[in-house]
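Data first, discussion second: the structure below is written as structure tokens.
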Amino acid sequence: MHPSDEQAQKIVRALQTADLDALIPAMAPRWPAATVPTTQVYSLLRHIFAQAQQDRLNLLSPPPDFHAWLLEQASKNVNAAPAKPNTVRLRLSLLSTLYSALQDQELLLVNPLRGLQRPPNERSGAPLLPRADLERLHLQAQSDDTLYAALILIDQHAYRVRDLLALTWQDFDFTTGSALRPHAVTRLSDIALKALQPLLKAAGGELYAVGRVFDYPGDRELRGALFRACKAANVTYTPPGELRRISLRDHPHTPQSAGFSAEDTRRLEQAIRLAQGVADMLAPEVEPEPSR
């Protein structure tokens, strides 16, 4: 059997049995570059695939009422909470991309999502925090070296919370002022490097610092410290995700400075348009990654 035929059979079986764990790696060489990381694809689609397994629904050759079933499942998160309209749209878009890739590989004749009525785009509500308020928050946070450094990295380099909390001192090259990120190496700004200095000194300096940079056990503790700082600064509480959007709104980022892959400038452009209020689609909520 030709290797490509064997791979195609794995994809077919994974769809017929709604096995997302088998499908994602099998599709990796064939699936066009998605707009979200593989881990997020899994998080967004796992509920739909789990329900398909429970209902014994063949995703390769779905039944006539597939659209109604899919809209119902895409509208729910794993915890049964209702999903935001843009999360529903992204789930449907990912599935459509999957089916289109299968058509390109001649594993599917018709895209089962053809003609599916999708929910409308969700539009932004309250505007992002003004820069003057953010600067007041930064000033208030200076009494907490850890929180201040976290806020500066988010503002200067659009760090995501999960990447921020995963940072270790081994990810930095202070000779060049660079930081290793999941999709890029970022040359840190002088402001960011200065904000890190108190933490670096407390960790033993450049020669001896090891382990995690930020000692928050999880994002809840970071958000708690941020909430208290916002209250003390008389600033509307703004979660880290929105602070990241403010960074994209206010700073002239390159893919590297914001942690995007140099080959995928489209994602940075879309994120900037979103932060500036030009794009319609809001970022989808991301469900917690399960232990696997």
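The values are calculated or read from the model by the stated rules, or taken from the named source; none is laboratory data. Predicted, not measured: the structure shown is a model, and the values here were computed from it. Counting neighbours? That spans all protein chains shown, and the Cβs are built from the backbone with ideal geometry, glycine included. Ligands, DNA and RNA are excluded from the accessible area calculation, which covers all protein heavy atoms including side chains. Shrake-Rupley method; radii C 1.70, N 1.55, O 1.52, S 1.80 Å.
Residue by residue, here is whether (1) open to solvent by less than 70 Å² (accessible area, probe 1.4 Å); (2) under 23 Å from the mean Cα position of the chain (by Cα); (3) of a type in the set (S, T, N, Q) holds:
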| residue | (1), (2), (3) |
| --- | --- |
| Ala158 | yes, yes, no |
| Ala166 | yes, yes, no |
| Phe172 | yes, yes, no |
| Thr175 | no, no, yes |
| Ser178 | yes, yes, yes |
| His183 | no, yes, no |
| Asp190 | no, no, no |
| Lys201 | no, no, no |
| Phe214 | yes, yes, no |
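So Val210 clears everything in (1) hydrophobic (A, V, I, L, M, F, W, C); (2) open to solvent by less than 30 Å² (accessible area, probe 1.4 Å); (3) in contact with a strand residue (DSSP E or B) (Cβ under 8 Å, 6 or more places away or on another chain) except one condition, right? Which one?
(2)
Go through the stretch 190-219 residue by residue and tally those that are free of Cβ contacts under 8 Å to residues at least 24 places away in the same chain and of a type outside the set (Lys, Arg). Even if it seems obvious, please write down each step before you answer.
Our first condition is that a residue be free of Cβ contacts under 8 Å to residues at least 24 places away in the same chain; within the stretch 190-219, this holds for 190, 193-194, 197, 201, 204-205, 207-208, 217.
Of the ones still in play, those that are also of a type outside the set (Lys, Arg) are 190, 193, 197, 204-205, 207-208, 217.
The qualifying residues number 8.
Within the stretch 92-101, how many residues turn out to be free of Cβ contacts under 8 Å to residues at least 60 places away in the same chain and open to solvent by less than 10 Å² (accessible area, probe 1.4 Å)?
Number of matching residues: 3.
Can you name the residue in the stretch 36-73 that is open to solvent by less than 50 Å² (accessible area, probe 1.4 Å) and small (Gly, Ala, Ser) and is also modelled with the lowest pLDDT among such residues?
Ser43
Residues to consider are Lys76, Lys84, Lys10; find the one that is modelled with pLDDT under 90, open to solvent by less than 70 Å² (accessible area, probe 1.4 Å), charged (D, E, K, R) and farther than 17 Å from Thr97 by Cα.
From the options Lys76, Lys84, Lys10, the qualifying one is Lys76.
Looking for something in contact (Cβ under 8 Å) with a residue 60 or more places away in the chain, crowded, with 19+ Cβ neighbours inside 10 Å, closer than 30 Å to Val185 by Cα and not β-branched (Val, Ile, Thr) - is there at least one such residue anywhere in the stretch 110-130?
For the stretch 110-130, residues in contact (Cβ under 8 Å) with a residue 60 or more places away in the chain, crowded, with 19+ Cβ neighbours inside 10 Å, closer than 30 Å to Val185 by Cα and not β-branched (Val, Ile, Thr): present.
Can you pull out every residue in the stretch 216-253 that is surrounded by 13 or more Cβ atoms within 10 Å (Cβ to Cβ), touching a Leu at 6+ places or on another chain (Cβ under 8 Å) and not in a helix (DSSP H, G or I)?
Once the filter is applied, which keeps residues that are surrounded by 13 or more Cβ atoms within 10 Å (Cβ to Cβ), touching a Leu at 6+ places or on another chain (Cβ under 8 Å) and not in a helix (DSSP H, G or I), the stretch 216-253 yields Tyr216, Ala233, Val235, Thr236, Tyr237, Thr238, Pro239, His253.
Does the stretch 275-282 contain at least one residue that is part of a helix (DSSP H, G or I), surrounded by 15 or more Cβ atoms within 10 Å (Cβ to Cβ) and either basic (Lys, Arg) or modelled with pLDDT under 75 (or both)? So that I can check it myself, show each step before the final result.
First, pick out the residues of the stretch 275-282 that are part of a helix (DSSP H, G or I): 275.
Okay, now just the ones that are also surrounded by 15 or more Cβ atoms within 10 Å (Cβ to Cβ), so 275.
Filter once more, keeping what is either basic (Lys, Arg) or modelled with pLDDT under 75 (or both): 275.
Yes, some residue in the stretch 275-282 is part of a helix (DSSP H, G or I), surrounded by 15 or more Cβ atoms within 10 Å (Cβ to Cβ) and either basic (Lys, Arg) or modelled with pLDDT under 75 (or both).
Can you name every residue in the stretch 96-111 that is out of contact with any Leu (no Cβ under 6 Å at 6 or more places or on another chain) and hydrophobic (A, V, I, L, M, F, W, C)?
Once the filter is applied, which keeps residues that are out of contact with any Leu (no Cβ under 6 Å at 6 or more places or on another chain) and hydrophobic (A, V, I, L, M, F, W, C), the stretch 96-111 yields Leu98, Ala101, Leu107, Leu109, Val110.
Tell me the residue from Leu95, Leu102, Leu113, Leu90 that is aliphatic (A, V, I, L, M) and part of a loop (DSSP other than H, G, I, E, B), please.
Working: Leu95 fails: part of a loop (DSSP other than H, G, I, E, B); Leu102 fails: part of a loop (DSSP other than H, G, I, E, B); Leu90 fails: part of a loop (DSSP other than H, G, I, E, B).
On inspection, the qualifying residue turns out to be Leu113.
In the stretch 194-211, how many are of a type in the set (Gly, Ala, Ser) and outside any loop (DSSP other than H, G, I, E, B)?
2
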